[in-house]
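Step one of this worksheet: look at the structure below.
The values are calculated or read from the model by the stated rules, or taken from the named source; none is laboratory data. Everything quoted here is computed from the prediction, not taken from an experiment. Every residue, glycine as well, gets a Cβ built from its backbone with ideal geometry; the counts of neighbours run over all protein chains shown. The protein model used for the area step is the full one, side chains on, heavy atoms only, and it has no ligands, DNA or RNA in it. Shrake-Rupley method; radii C 1.70, N 1.55, O 1.52, S 1.80 Å.
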Amino acid sequence: PLAATAPDPSQPLRPPPVPRGVGEVVAQRSQDAEVMVEGDATLIGNRQAHQDVDALKQVKPEEDTQYPRFSWAVDGTHTLSLPQGALIFAACFVPNLAAVVLLSDMGTGIQVYSEVAPPMMSLGGDLAIFFAAMCIALLYVSDWFYYKSRCVKVVTAVPPVILITMGAFLKGRKYPWAPLLFTLFLIPFVLGIYRGTFLRTSRRKSFYTCVSASTGLCGLLIMLVFVIWVFAGEHQWTRATKDDLAARSTGLYDHVYKEHKLEYVVHCHPDLNSLDDLDIQEEEKDSIKTACRQAASVWFLVWICPVVAAFCNLVLAVFCYMDGVALNTNESDSLVRALRQVLMLLFFLFAGMYCSAYLASLALGSTIMAFCVAFLCVLSVWAVVEVGGQTLLTTCQGSKAAKMLAPALRSDWVRAIFVGAANVFIPIFFFLNSGNQSVRKWRGTNDTPGRYTKSAQRVADEIDTWNWCSILTKVALLGELFFMLQIGFSKVTYIFLSWLCEFLSDFDFGLVLFLVFAVGYCMFMLPPVPGVPVYIFSGIVITDQARRNLGDNGFVTGIIIAIAVGFFNKLLACLGQYCIGFFLGKKVKVQQLIAVDSVPTKAIEMILNRPGLNLGKVAILIGGPDWPTSVTCGILKLNIPQMLLGTMPVIFILSPCVLAGAFIARQGEDAMWLTLANFATIAAAVCQIAAGLTAAFCIMKTIQEHGDELAEPRPEHAEIRELTRKGEHSRRSYIDVTKWSNLTLCDKVILIGCVGFHLVAGFMFVMMAEACFLPFSVDKSIKAPISEGGLGGNPLSIVVAPWGHIALCLFFIAVALHILHCCIMSQRAKNELKYSQNPAETAEERRASQTTTGSKPSAKE
């Protein structure tokens, strides 16, 4: 009887359909599973079955068990076989091969982009994406995930996949990165299907080792082939290469300008300046120049495509190795793993924003931002599917580390990032889910009589408890932070350093060294300014002056001097920033502001207090933002010599930046130098992101290993705890005032308008970057014509009309609304606090105060 009722040993243990009450079935399943395990251990005989039994015991009666869970929460027991490893390598290799053959100049990239250049192709891409979205929505509403027939699943999934592919390629002229992004996205997509189906029982470490090795090997192979193709085939980024690419891109120039066809030699060649001889208006000239830049960005991405593909593969390889191999704890604590992934990918997103802010000279800023956002989405879905909802609940109840880290995931900042990224998709999801619930009711498979499915209703109930005023305010703050890093200070820094390069060109070499050091130090002391533009600026100015003053070996000598200046400038700036933090850190309020008594800050302190050059210490000091990292060291009163020792490996990040500046300074002699500058800058970006990811991993690992110790209160933090306790009443008053139910209609309109303008402006800054701002870098002259990469003598011309002005207007309107909202809420909170401290105030006075500030009476009133 046991053999007759037992499942197939080769198949994973799955519960039968639910014919009765959920609670009875769960109990019966647990008993049946225990009988099978006790009766014949060899029949089930693996760790997967025992963990399934434990999971069944932990299922709560109210949990939805009618529908299967697509998750990889339970680690498998099987090591990957050779055929399975070959399939993983094929899933990585084939999309990379397609990207190189179809989208790069090593293959047919120019022809592909020329074919999709006509405006009707772009319109066809819009229609394809629209119909693909409609198909996906229809499949979701009709419960595609729970179709019984796999054949029907495959057949119904083919049309949206084909439509998305068509849409990505047909939009290639307008968004050159879209075909490449879609092609490389196939790698994690196919690997996810593998992991969720026939590789579900494989060991997690074995799977991620194979994925890391495959993607790393693909990245190295692509880079090797590209280097051979560039230098052996004479495809360096020279003027001859550019002219050849433009000559083969006639299809682009025929359609890139909507008024008439363009000829590269007549309208777009930067050296001939033929456009200035044409008898046309200045506005039309500007429009033609914008179209020329758009076409040039396409064939530049075609040339650099293998580098982008190699970079994406290496980043994926590092992520898989660090998360699945190096930091694999071999535990069933899936929530800790998921939290580590989420925090890491959020750090990666901001690191991408930080790096793209200074990659404008490569015309890759918007491309890198697009890839970072896509990477964020992929890893978010990957982390959620890998863990699963029920496992999150059960591990929350039993894991100390999970309880410690869970508040970070549930903070308003993380929710604000989610809302800012999802925005309009949130109401769309609930609308489609209500349709899905209607279909389930019609089929008689609904698990709840409500408007939404049970899982969506839980999400709705959870969202209803959020402090939406706080979340939307933080969305506005994130939008302003993005503007500051990506638009404001980055472009202002480039314009200032470009002007300074011209100003110092006629000075004595010794005076130039002193001024470069002084200016670099001052730039380091400004919080929003990253160090990379300072290093590039040093490389441009010092090497150029050294070539003029130090003879034949002046170029190499100048590079060495520039690296030394940048290195000692960084160390001295660390001391200055440390002093700022040291003196500010004497104030308890400042210590409270950076949460020195929190577990993450204590973990950072523990890592930085380790003597010597350990990996985590170095990664934090050179991988984090310059100013905040050193100032935090001062606030924590860390050992200065140890801090400087851990900062010394920054030479491996600043050296490629200095080399990039030195090569840029010589690009007028031979375009080979610009090619070398591009490689050097990309190498610096890779090092910076790798250091940041390593820092995030080390912090998470320290929290896992020393969580209990770090959670213990310290005597030196007693004043902070007392200040927090005293400020708790004010904080509660502010929270009470800013509850969504207590806001007036005017308050809600102001806040929603602020967030809406920020989201639209941010979308324009990213997706329409070339239509909003001119590409400008440190090596360009402000006085140079716009066609040559300059600003025509006017720094304000970096903003392109009309879209740049529209985006900036929307942003500053959003900032004004944000300030107005904060002023109203602060005044209202003060009145609330005053009223709570003076209960004798009459109701008439209270109503008068509310009328002045426009607030509603509180529940207590």
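Data overview
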item: Computed over region 435-592, Cα set: Rg, Dmax in Å; result: 27.5, 86
item: Using a Förster distance of 56 Å, the FRET efficiency for Ala801-Asn639 (Cβ separation, nearest 0.05); result: 0.55
item: Projected label distance in nm at Lys589 and Phe189, using a 7 Å step from Cα toward the beta-carbon; result: 5.3
item: Anisotropy class of region 681-749 from Cα gyration tensor, a/c 1.5 cut; result: oblate
item: Environment charge at Ser122 (Cβ cut-off 13 Å; Lys +1, Arg +1, Asp -1, Glu -1); result: +2
item: Links that overshoot a 26 Å alpha carbon limit, given the list Lys174/Lys491; Lys242/Lys285; Lys205/Lys602; Lys454/Lys474; Lys748/Lys830; Lys586/Lys726; result: Lys205/Lys602; Lys454/Lys474
item: Ordering of 729-737, 491-499 by packing [mean C-beta count within 10 Å, highest first]; result: 491-499, 729-737
item: Of Lys617/Lys637; Lys171/Lys258; Lys570/Lys780; Lys589/Lys834, pairs whose Cα-Cα distance is over 18 Å; result: Lys570/Lys780; Lys589/Lys834
item: Inter-label distance for Thr201 and Ser741, nm, one decimal - labels placed 7 Å from Cα along Cα-to-Cβ; result: 5.2
item: Sequence-separation-based contact order of region 432-557, relative, with Cα cut under 8 Å and 6+ spacing, percent; result: 16
item: Contour excess over end-to-end distance, with Cα ends at Ser730 and Glu712 and 0.36 nm allotted per residue; result: 3.9 nm
item: In order through region 731-743: 3J(HN,Hα) via Karplus (6.51 cos²θ - 1.76 cosθ + 1.60), integer Hz, x for Gly, Pro; result: 5, 5, 5, 5, 5, 5, 5, 8, 4, 4, 6, 8, 7
item: Packing-based order for 243-254, 455-466, 812-823, 167-178, using average beta carbon neighbours within 10 Å, highest first; result: 167-178, 243-254, 812-823, 455-466
item: Within-13-Å neighbourhood charge of Lys474 [Cβ basis; K, R +1; D, E -1]; result: -1
item: Residues whose placed amide H lies under 5 Å from that of Phe773, excluding near-sequence neighbours; result: Val800
item: Heavy atoms of Met106: accessible area, 1.4 Å probe, square angstrom to 10; result: 60
item: Using θ = phi - 60° and Karplus 6.51 cos²θ - 1.76 cosθ + 1.60, couplings along region 238-247 (whole Hz; Gly, Pro as x); result: 9, 4, 5, 5, 4, 5, 5, 4, 5, 5
item: Simple label model, 7 Å out from Cα along Cβ direction - Leu217 to Arg610, nm; result: 3.2
item: Electrostatic dipole magnitude of region 574-634 [Cβ: Lys, Arg +1; Asp, Glu -1; Cα centre; debye, to 20]; result: 140
item: Ordering of 110-119, 539-548, 91-100 by burial proxy (mean other Cβ atoms within 10 Å per residue, highest first); result: 539-548, 91-100, 110-119
item: Cβ-derived FRET efficiency at R0 51 Å, Ala133 paired with Cys823, nearest 0.05; result: 0.80
item: Förster radius 35 Å - calculated FRET efficiency between Thr465 and Tyr147, Cβ distance, rounded to 0.05; result: 0.55
item: Gained length - Met648 relative to Arg248, 0.36 nm times residue gap less alpha-carbon distance; result: 139.3 nm
